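Below is one structure, written out as structure tokens; the observations come after it.
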Amino acid sequence: MTYITDGRFSYPALQAPANDPKDNCVKGGPDPRRRTDALTEIPLILSSPAPRSIAQVFTDAARAQLFSRYQVIEVEADGLATLPDAILSQVRYVLGQPPIPADLVARLRSLRAVLNVESNLLPNMPCETLFQRGIHTLTTGAVFAEPVAEIGLAFALTLLRDVAEADLAFQQGRETWGFEGNHHARLLTGANVGLIGFGDLGRAVNRVLEGFRPHVKAYDPWLPPSTIRDHRVTSASLDEVLSTSDVVFCVASVTGENEGFLSAPHFARMKPGTAFILLSRAGVVNFDDLIATVRSGLIFAASDVYPEEPLPLDHPVRSLKGFLRSAHRASALDIAMKRMGDMVLEDMDLMDRNLPPLRCKRAERETAAHMRSKPVDKP
């Protein structure tokens, strides 16, 4: 399909050649806000996926499907409200999670779903209004569960077997050989493992650990115990998870109720030598307390996320012994990003046939307003 763009908008031309490639764009042309004559029966999508891009989210084949099956208006987030009602009234899907205030939702009379490829539920649209109208808010964050779980496994093995420190010692010529180099080493196989949170990420961590035959306990106040037990995991209290585990994975989402809830008293409940691995969001822990507990020598820790990103060069965690660091790269894989596009296409196909979306995760009326995860700053 051919597109005419004025720099902020990209709008389908009136007559597109049937064999036109998926991204044949023509710079210049008339203002798309006046192009109401170009609308057809093909479903209309408003695309505003920042900080992602269509090229990041869709493979070439998926992009071809997207642009052949739908009219796609690419617009910056602050440009949505400037589009005319003749266009907005026919929009079926919004791709991304740009701010959509209540007055704009009212103009989107044909809207069926907001497909959020940013992955965090942001408080920038009237959730209750969307629920009342039956408009789905869908997130694609589940694609990150497996990549993050895998790096979590790497963190656990690295901490338990002291891999990073042993490598550094070897580089500096101060290595210790054989048994002498394993005074503090422990096995992950058969270990007691605790999960704080048991959503998509918690379940993915449980799956990657299966070959190690751990004894897994999980704490998740948003789930009934039977759901946790269905995954052959023991449902437990937070205190039990903290006090009995050799390895604790923190995989809980940030909500209005749990920001900074893991603090010094909780870390003090852990056994000496516990490996605490933070994989979800830094907002669920008091980071200063975590640093202090690691510095005391009680526990070891690893994290892929931080309260400020990027971290200042003089931040104390950069030089903290016993703390394994990763620069929010656990999920930043091209294969994960491209799975988003496949999920979006499959769910839009279902909704086009008046069936419910099944691949993306649906925001729930009771919990959506509680989410507090920060948006990503970079793709």
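Remarks
- Residue list for the stretch 241-255, restricted to those being assigned to a helix (DSSP H, G or I) and either aliphatic (A, V, I, L, M) or free of Cβ contacts under 8 Å to residues at least 24 places away in the same chain (or both): VAL241, LEU242
- When VAL94 is tested against the conditions (1) modelled with pLDDT of 95 or more; (2) of a type outside the set (Lys, Arg); (3) in contact with a helix residue (DSSP H, G or I) (Cβ under 9 Å, 6 or more places away or on another chain); (4) over 30 Å from ALA252 (Cα atoms), the lone failure is (4).
- If you check SER245, SER280, SER253, SER235 for being within 25 Å of LEU187 (Cα to Cα) and either outside the structural domain of LEU153 (by TED's automatic domain parsing) or within 20 Å of the chain's Cα centre (by Cα) (or both), only one passes: SER280.
- Among (1) out of contact with any strand residue (DSSP E or B) (no Cβ under 8 Å at 6 or more places or on another chain); (2) within 29 Å of PRO265 (Cβ to Cβ); (3) part of a helix (DSSP H, G or I) - the single one GLY211 does not satisfy: (2)
- Options LEU188, LEU195: the member that is assigned to a strand (DSSP E or B), without any contact (Cβ under 8 Å) to a residue 60 or more places away in the chain and touching a helix residue (DSSP H, G or I) at 6+ places or on another chain (Cβ under 6 Å): LEU195
- Residue that is surrounded by the fewest Cβ atoms within 10 Å (Cβ to Cβ), among those in the stretch 71-97 that are out of contact with any Leu (no Cβ under 7 Å at 6 or more places or on another chain) and under 27 Å from LEU333 (Cα atoms): GLU76
- From GLN90, GLN97, GLN71, residue being closer than 19 Å to GLU364 by Cβ and in the same structural domain as LEU350 (by TED's automatic domain parsing): GLN97
- Residue list for the stretch 64-102, restricted to those being within 23 Å of GLY141 (Cα to Cα) and in a strand (DSSP E or B): VAL72, GLU74, VAL75, ARG92, TYR93, VAL94, LEU95, GLY96
The values are calculated or read from the model by the stated rules, or taken from the named source; none is laboratory data. Only a predicted model underlies this, so the values are computations on that prediction, with no experimental measurement involved. Please note: Cβ atoms are built from the backbone with ideal geometry, for glycine as well, and neighbour counts cover all protein chains shown.
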